[in-house]
Amino acid sequence: MGTRSAGILMYHHTEGGMVVLLVHPGGPFWRNRDLGAWSIPKGEYQEGEDPQIAARREFAEELGVDPKGPLRPLGKLRQRGGKIVVAYALEGTLDVATVRSNKIAIEWPPRSGRAIYIPEIDRAAWFTLPVARNKILASQEPFLDRLETM
């Protein structure tokens, strides 16, 4: 079985409609990419691990905030690279100015043998659904559709 990730798509309603929380990956590869680069906060989980628990853990690691409240399933999808992502919707708010991501090691430049430490995400932002559809990775866009019809 391929790599599995679990994540949370946080949302709330405003006067202008529904908004969703997306995160932008950190590091030099993503630095100058915007459209189609954003994601739901998510991360890998192991065989036998409860994906809801993993989704909460990964949200906390990437954003520095424990997600509170009931999770609503948004189902699974396969990303272009083969990774299976299971997502949950969570109604809530979060001040993106307070986001504090964990750091991860990557090899940079590629195949150099040199490791650098980068924040897993470099920023988070709230987007209306039409804007989010342009920002999110194409393979995760169905989660927005599922949330909208929920």
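Here are the numbers for the structure shown:
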read-out: Charge context of F29, other residues only, Cβ under 14 angstrom, K/R +1, D/E -1; value: -1
read-out: Under-21-angstrom lysine pairs by C-alpha in the chain, whenever the two are 8 or more apart or on separate chains; value: 7
read-out: Shape call, region 39-115: gyration tensor on alpha carbons, a/c limit 1.5; value: oblate
read-out: Crossing angle, helix 51-63 versus the chain [Cα axis fit, 0-90 degrees, rounded to tens]; value: 70
read-out: Net charge contributed by nearby residues that have their C-beta within less than 12 Å of R100 (K/R +1, D/E -1); value: -3
read-out: Most to least packed among 23-29, 79-85, 133-139, 112-118 [average Cβ atoms within 10 Å]; value: 23-29, 133-139, 79-85, 112-118
read-out: Residues whose placed amide H lies under 5 Å from that of A89, excluding near-sequence neighbours; value: L9, R72, L74
read-out: Among G48, M10, L71 - extreme Cα towards positive end, dipole of the chain, charges at beta-carbon; value: G48
read-out: Computed over region 37-93: relative contact order in percent, which uses C-alpha pairs under 8 Å that are six or more apart; value: 25
read-out: Theoretical ellipticity at 222 nm over the chain - DSSP helices of four or more residues, -39500 (n - 2.57) apiece, nearest 500; value: -5500 deg cm²/dmol
read-out: Near-label residues of region 40-55 by backbone N, under 17 Å of a point 7 Å along Cα→Cβ of I84; value: 43-55
read-out: The chain, relative contact order [Cα under 8 Å, separation at least 6], %; value: 33
read-out: Kirkwood-based Rg to Rh ratio, the chain, C-alpha trace; value: 0.95
read-out: Size of electric dipole in the chain: Cβ of Lys, Arg +1 and of Asp, Glu -1, about Cα centre, debye, nearest 20; value: 460
read-out: Charge tally in the Cβ shell below 13 Å around V86, where Lys, Arg are +1 and Asp, Glu are -1, V86 excluded; value: +4
read-out: Ranked packing of 44-53, 88-97, most packed first, by mean Cβ within 10 Å; value: 88-97, 44-53
read-out: Sorted peptide list for 14-22, 55-63, criterion being average Cβ within 10 angstrom, highest first; value: 55-63, 14-22
read-out: Dipole-positive endmost among T93, I118, L144 within the chain (Cβ charges, Cα centre); value: I118
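Laboratory data are not the source of any read-out in this text; all were calculated from the coordinates shown. Predicted model, so just to flag it, every value in this text is computed and none were measured. Don't worry about glycine lacking a Cβ; one is built from the backbone with ideal geometry, like all the others, and counts go over all protein chains shown.
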